[in-house]
Amino acid sequence: MKTKVVYSPMNEFKDARDDIERELESLPFNPNLLLLFLTAGTFKDWKRYNELFQKHFPDVEMLGCVIEGYAAGDEIWTRGIVALLGEFDGEVKVYFERGNKVEEVCSRLGARIGEKYDSILAMFPAIYFPGRLDFARLFINDKRYYRRYKGQNTIEGKKEVLREFSRYMEEHFIFPIDKVLKYLSESTGRSTPILGMNLMPMEAKIGTPFIVANYKEVGRGIAAMCLKGKVNISYHDVYPERATSFEETVEMIENSFSNVEEVEVVKAGIAIGEISGIPPVQFLREKKAAYDEMREEEFIERVEKGALQAVSPYGLSFIHKNLLSVFFLGLLNSPVNIYPSLVELDEFYETSFFMGETFKGGTKKFSEIAELKKMNGFDLFLLDFNTIPAFRKEIYKILDGIKAHSERSLSIFTTTPSAYIPNYNGKRLFSEVDKNIFFNASGANGLLEF
Amino acid sequence: MLSAISRILDTLSMEEGVKMVVLYRIDGVPLFAKLNVPKREIAPTLYWLEGQIKEMLYQISTQNLDEASFKFGRTVIMLYPVSRTTVLGIMADEEASAYKLDIDIKTSCRQIGKLVTS
């Protein structure tokens, strides 16, 4: 594929536009594909960037979203804008569907996509941050459901309340990542690999995550760039190969993370009611005294200002009952009693582990994704944004490691990606949250080769 | 070269929460300064910094430090060596996204480093 990466680290629209137009003057091919990535500093001007690219490339198939940073050439920036323009030697088409019910949205989208494509790049909001009113409703509902939860005398009764709360959360805020990949893969014939950008901004803001498809705002929905031709999807995590027994898996968790503590969790669907007998956020505050109680108003104000930290170095490790894979869920200090998960937890053990995040092996482990390359064309790396707070400026070492294997690439720092890879036969990844479905809240990366 | 350095510092100074960006010579002489706030707002910090900067730069140079930073009220001051003879100083509000800023500063240092050593 002929490609050009166009970028500007400028946050001011006029400056960035000048940089981009200068780059576009010398474009030596006619692109049919555009991936547009805005950062927190340029997101406010998305309509103007949309118009700018639409003016130059009205007929390309385009997909775009907000990311945390990018590596283009020798530079890494967390500001400005970056775009990948490509002349793909095959068929490329972007589809999107809006809606609140994950199964319904995936089925509609899958029916339009069909079974003819070789790979899909999907973008969707894992958690959508709506307006003040929706959050006020969430907090009221959280209290209402939690009162009912506490009133139950049996675990099954508690789980029934959590299942109802899960349905509410799925219809208003969360697209469970495993469900999106499961339903989308089923409705596209189960043989098309999918790389998921399950977006959740590092600093949450009203209206984010933001997705644009063929120059139209998607809102709460799923957009997919479908490719027929020479493409390859790979997925990699930085953890050891998974074990063959529960006990060995526990040992691996204890060796891989810090301050590991066994806990009993009451959970159902995507909701967690308690950790060792108390609400999850209260448990976090009792373990980590640095976290003060966060009031609802403070939470909303932070989201409105775009200053809510949506990453946490502390969380829970869940072990899958059949696969013995491990799913990590960060615990954020927030004013809720029932805590939501990003994947369905029914197939995971109740015995789980509170732990602190560490990345054994450092930056080197994150660039190992480049060693999975199978083609010699252009590479789009989706790198875990947790590397930004974990390694700060040392993330340059990840870029150096990638460049040793990849001559032409664009690396995006975004929410830890997900993937559906049919007939997967690689390393037994920690992050296989369901058969052939891969995701973790941190420590995993994706690669799309053209 | 001067206009290229100026543009890099402009980019960095426009980062949210950044109050000032200065490129120092290792003996403490400021080569470039970009302010993002009125001078009077940071005058007391600048006055204090003037008395400290030579010592700090000397420490960075002789101890071979990768970076040095200190906090002054709600203001954070960070110093990053760019080359053997230049150091980049950034004054930022404590609420600025420190880890993201760190990456953009590193990129700017690499860019300026290439210009001053070529």
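Derivation of every value follows stated rules applied to the coordinates shown; laboratory data play no part. Since the model is a prediction, treat every value here as computed from it, not as a measurement. We place every Cβ from the backbone using ideal geometry, glycine too, and count neighbours over all the protein chains shown.
Hey, rough spin-label estimate for A:Asn376 and A:Glu293, points 7 angstrom out along Cα→Cβ, what's it come to in nanometres?
The answer from the label model is 6.4 nm.
Which angle between 0 and 90 degrees, to the nearest 10, do you get for helix A:132-150 versus the longest principal axis of chain A when only C-alpha atoms count?
Value to nearest ten degrees: 30.
With a 10 Å Cβ neighbour count serving as the proxy for reagent exposure, in which order, fewest first, do B:Ile105, B:Ile26 appear? Kindly include the intermediate steps, with their values, before the conclusion.
Numbers: B:Ile105 23, B:Ile26 17.
Exposure proxy ranking, most exposed first: B:Ile26, B:Ile105.
Classify segment A:347-396 as rounded, prolate or oblate from the Cα gyration tensor: take a ≥ b ≥ c as the square roots of its eigenvalues, call it rounded if a/c is under 1.5, otherwise prolate when a/b beats b/c and oblate if not. Let's see the in-between values first.
Numbers: a/c = 2.81, a/b = 1.54, b/c = 1.83.
In terms of gyration-tensor shape, oblate.
Shielding of B:106-116 by partners, i.e. mean partner chain Cβ atoms within 10 Å per residue? It would help to have the intermediate numbers written out before the result.
Values: counts 7, 11, 3, 1, 5, 3, 0, 0, 1, 0, 0.
Average neighbour count from other chains, rounded to a whole number: 3.
In degrees between 0 and 90, to the nearest 10, how far off the longest principal axis of chain A does helix A:296-305 point, with axes built from Cα atoms?
Compared with the principal axis, the helix lies near 10 degrees.
Fewest first, what order do A:Ser411, B:Ser83 take by the number of other Cβ atoms within 10 Å? Provide the component values of the computation, followed by the final result.
On the way: A:Ser411 27, B:Ser83 15.
If I rank by nearby Cβ atoms, fewest first, I get B:Ser83, A:Ser411.
Counting only residues 5 or more places away or on other chains, whose amide H sits under 5 Å from the amide H of A:Ser325 once H atoms are built in the peptide plane?
HN-HN under 5 Å from A:Ser325: A:His320.
Just to check I understand the Karplus step: with θ = phi - 60° and J = 6.51 cos²θ - 1.76 cosθ + 1.60, what whole-Hz values come out for segment A:115-124, glycine and proline as x?
Those phi angles translate into 10, 8, 8, 8, 7, 10, 9, 10, 10, 7 Hz.
Counting other beta carbons within 10 Å of each Cβ, put A:His320, A:His56 in order, fewest first. Write down the numbers at each step before the final one.
Working: A:His320 19, A:His56 15.
Taking fewest neighbouring Cβ atoms as first place, the list is A:His56, A:His320.
Would you work out if segment A:152-214 is rounded, prolate or oblate? Take a ≥ b ≥ c from the square roots of the eigenvalues of the alpha-carbon gyration tensor; rounded if a/c is under 1.5, else prolate when a/b is larger than b/c, oblate otherwise. Intermediate values should be presented prior to the final figure.
Values: a/c = 3.16, a/b = 1.41, b/c = 2.24.
Judged from the Cα gyration tensor, segment A:152-214 comes out oblate (a/c at least 1.5, b/c at or above a/b).
Alpha carbon centre of segment A:304-342 versus segment A:396-450: separation in Å?
20 Å
Check the straight Cα-Cα distances from A:Lys14 and name the aspartates and glutamates below 16 Å, setting aside those fewer than 8 residues away within the same chain.
Cross-link targets: A:Glu23, A:Asp45, A:Glu51, B:Asp10, B:Glu15.
Report, in degrees rounded to the nearest 10, the 0 to 90 angle that the Cα long axis of helix A:46-56 makes with the longest principal axis of chain A.
30 degrees
How charged is the neighbourhood of A:Glu297? Take every other residue with its Cβ under 13 Å from the Cβ of A:Glu297, and add Lys/Arg as +1 and Asp/Glu as -1.
Values: positive: A:Arg132, A:Arg295, A:Arg302, A:Lys305; negative: A:Glu293, A:Glu296, A:Glu298, A:Glu301, A:Glu304.
Computed value for this residue: -1.
Hey, what do the phi angles of segment A:233-240 turn into as Karplus ³J(HN,Hα) couplings, whole Hz, using 6.51/-1.76/1.60 and θ = phi - 60°, x for Gly and Pro?
10, 10, 9, 8, 10, 8, 9, x
Would you kindly work out the equivalent ellipsoid of the protein assembly as shown from its C-alpha gyration tensor and give its semi-axes, the square roots of five times the eigenvalues, largest first in whole Å? Before the final figure, lay out the partial values.
Working: eigenvalues 292, 181, 102 Å².
So the three semi-axes of the protein assembly as shown are 38, 30, 23 Å.
What net charge do the residues around A:Lys116 carry, taking every other residue with its C-beta under 12 Å from that of A:Lys116, with Lys and Arg at +1 and Asp and Glu at -1?
On the way: positive: A:Lys93, A:Arg112, A:Lys228; negative: A:Glu91, A:Glu115, A:Asp118.
The answer is 0.
Which cross-chain or sequence-distant (5 or more) residues have an amide H under 5 Å from the amide H of B:Lys19, H modelled 1.01 Å from N in plane?
Close amide H contacts, sequence-distant or interchain: B:Met91, B:Ala92, B:Asp93.
List the GluC sites (Glu not before Pro) in segment A:54-137 that DSSP assigns to loop (not H, G, I, E or B) and whose Cβ has at most 13 other Cβ atoms within 10 Å. Which are they? Working shown, then result.
Values: sites: A:Glu61, A:Glu68, A:Glu75, A:Glu87, A:Glu91, A:Glu97, A:Glu103, A:Glu104, A:Glu115; in loops: A:Glu68, A:Glu115.
In loop regions of segment A:54-137 (DSSP not H, G, I, E or B), the sparsely surrounded GluC sites (Glu not before Pro) are A:Glu115.
With θ taken as phi - 60° and the coefficients 6.51, -1.76 and 1.60, list the Karplus ³J(HN,Hα) couplings across segment A:429-438 in order, rounded to whole Hz; mark glycine and proline as x.
Working through the residues one at a time gives 6, 3, 8, 7, 7, 7, 4, 6, 10, 10 Hz.
Quick one: which of A:166-174, A:33-41, B:68-76 comes out on top by average Cβ neighbours within 10 Å, and what's the full order, highest first?
Details: A:166-174: 18.9, A:33-41: 22.6, B:68-76: 13.7.
Per-residue Cβ counts within 10 Å, averaged per peptide and sorted highest first, yield A:33-41, A:166-174, B:68-76.
Which net charge results for the neighbourhood of A:Ser409, defined as the other residues with beta-carbon distances under 15 angstrom from its beta-carbon, given Lys and Arg at +1 and Asp and Glu at -1?
On the way: positive: A:Lys2, A:Lys4, A:Lys373, A:Lys374, A:Lys403, A:Arg408; negative: A:Asp74, A:Glu75, A:Glu368, A:Glu371, A:Asp379, A:Asp400, A:Glu407, A:Glu449.
Its environment carries a net charge of -2.
Rounded, prolate or oblate: which fits segment B:2-112, taking a ≥ b ≥ c as square roots of the Cα gyration tensor eigenvalues, rounded meaning a/c under 1.5, else prolate when a/b beats b/c? Walk me through the numbers before you get to the answer.
Values: a/c = 1.31, a/b = 1.09, b/c = 1.20.
The shape class here is rounded.
So who's got an amide H within less than 5 Å of the one on B:Phe32, skipping anything under 5 residues away but keeping other chains? H placed 1.01 Å off N, in plane.
Hits under the 5 Å cutoff: B:Leu23.
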